[in-house]
Amino acid sequence: PLIIQVEDDLDCAYVKALSRLQNYSSNNQELGDSLKIIYSPLNGAGITTIPMALKSWGFSSISYVEKQKYPDGNFPSIHCPNPEEKATLKLGIKQLKEEKGDLFLATDPDADRIGLVSMHQNKEFIFNGNQIACICLYYLCKNWVDLKKMPKNGACVTTIVTTPLFKTIAKFFNISCFEVLTGFKYIGEKIHEWEQESPSSYSFIFGAEESLGYLYGTHARDKDATSTACLIAEMALQQKKKGKTLVDLLYDLYNQFGLFKEKQLSISFGSSAETSEQMNTLMQDLRKTPPTKIFHIEVATV
């Protein structure tokens, strides 16, 4: 008795909101089926929205990782349902190669984060969260300028742990870039703040965090893998029209702005009082005496 069925009209309203975000709707509808997409919801909720949204944009050539297609809280085919983990993408990459697809997209179980693998020169290329963030922002800025859609007060939002390349791209296109603490609620908070102002001080373009979370559009106030999947597909189609891939787009960024490489390292300390003190001591030492060299390379700025 506590379960209330959400009717289809909510899904339809959502897809309609996403449809307005297309930059090249005619191209998408005419050529979208030429882009071959492999998709896995990793036994989560994405199967209910992502295929529907992609098809509404014209991307109808979708095949699924069958073992991961339907919701299953036991996640029988994967150790960890996290699209950041290479092992989690193994089945999808295998299918991508076998079917000679263009893209493999994988969303986490609640469908707010998205992983991307692109075929490039007959090899798979796994994008990390920073790389996806930067190609999306660059694509939107460049095309909005070309299409004369760029607002004078355009702004993007990212977190303090996301690559500095994101801010560099924003600066190049003369849009404001705000850095917030980790947690997408802080990105959503910025959108809300701007909407409360009259006139609005900034127009939201894109939000991103390095852990595969992105928001395109203001229909949501949290990271949204569905709108990001549609944006990625549109980007890939525009690249394919030129005989290129999303990897080429990434390399174009490196050629223009310089090479940016990041790596995340997670160290587990547990939760005892002793380990808590150990963490505090390490952080104090790091702040007092930050490293002057990393792998024999001088640190330029801190």
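The values are calculated or read from the model by the stated rules, or taken from the named source; none is laboratory data. Keep in mind it's a predicted model, so treat the numbers as computed, not measured. In this analysis, Cβ positions are derived from the backbone assuming ideal geometry, glycine residues included, and neighbour counts consider all displayed protein chains. Only protein heavy atoms, including side chains, enter the accessible area calculation; ligands, DNA and RNA are left aside. Shrake-Rupley method; radii C 1.70, N 1.55, O 1.52, S 1.80 Å.
Compute the semi-axes of the equivalent ellipsoid of the chain, taking the square root of 5 times each eigenvalue of the Cα gyration tensor, and list them largest first in whole Å.
Working: eigenvalues 188, 125, 100 Å².
Each semi-axis is √(5λ); the values are 31, 25, 22 Å.
Determine the calculated [θ] at 222 nm for the chain from helices alone, applying -39500 (n - 2.57) to every DSSP H run no shorter than 4 residues and normalising by the residue count; nearest 500 deg cm²/dmol. Write down the numbers at each step before the final one.
Values: 10 runs with 119 residues, N = 302.
-12000 deg cm²/dmol, from helical runs alone.
Order ILE114, ILE297 by their accessible area, 1.4 angstrom probe, all chains in place, largest first.
The residues order as ILE297, ILE114, largest area first.
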Gyration tensor verdict on segment 162-259 (Cα atoms; rounded if a/c is under 1.5, prolate if a/b is larger than b/c, oblate otherwise): prolate
Two-decimal ratio, segment 84-224, of alpha-carbon radius of gyration to 2.2 N^0.38 Å: 1.12
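Just need the relative contact order of segment 43-92 here, percent rounded to a whole number, with Cα pairs under 8 Å and 6+ apart. List each step's numbers first, then the result.
Numbers: 31 pairs, mean separation 18.8, N = 50.
With pairs under 8 Å counted, the relative contact order is 38 percent.
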Accessible area, probe 1.4 Å, largest first, for residues TYR214, TYR202: TYR202, TYR214
Using a 1.4 Å probe and ignoring any ligands, DNA or RNA, find the accessible area of THR289 and quote it in Å² to the nearest 10. 100 Å²
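Pairs of alpha-carbon atoms within less than 8 angstrom and 6+ residues apart define the contacts here; what relative contact order does segment 1-129 have, in percent? Walk me through the numbers before you get to the answer.
On the way: 197 pairs, mean separation 32.0, N = 129.
Reported as a whole number, the value is 25 percent.
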One-quarter of the Cα convex hull surface for segment 1-61, in nm²? 5.3 nm²
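With the contact rule set at Cα under 8 Å and sequence spacing of 6 or more, what percent relative contact order holds for segment 87-160? The partial results should precede the final answer.
Numbers: 50 pairs, mean separation 12.1, N = 74.
Relative contact order of segment 87-160: 16 percent.
Looking at segment 54-136, I'd like the Rg to Rh ratio, where Rg is from alpha-carbon atoms and Rh is Kirkwood's inverse mean 1/r. Intermediate results must be reported in sequence, preceding the final value.
Working: Rg = 12.8 Å, Rh = 13.6 Å.
Over the Cα atoms of segment 54-136, Rg/Rh equals 0.94.
Can you give me the accessible area per residue for the chain, using a 1.4 Å probe, in Å²? Please list the in-between numbers first.
Values: 16710 Å² over 302 residues.
Roughly 55 Å² per residue, with all protein chains present.
Carbon and sulfur atoms: what percent of the 1.4 Å accessible area of the chain do they account for? Mind showing how you got there, number by number?
Values: 8950 of 16710 Å².
Roughly 54 percent of what the probe reaches on the chain is carbon or sulfur.
Relative to the Cα centre, what is the charge dipole magnitude of the chain, using +1 at the beta carbon of each Lys and Arg, -1 at the beta carbon of each Asp and Glu, and rounding to the nearest 20 debye?
Details: 32 positive and 35 negative charges, 224 e Å.
Magnitude of the dipole: close to 1080 debye.
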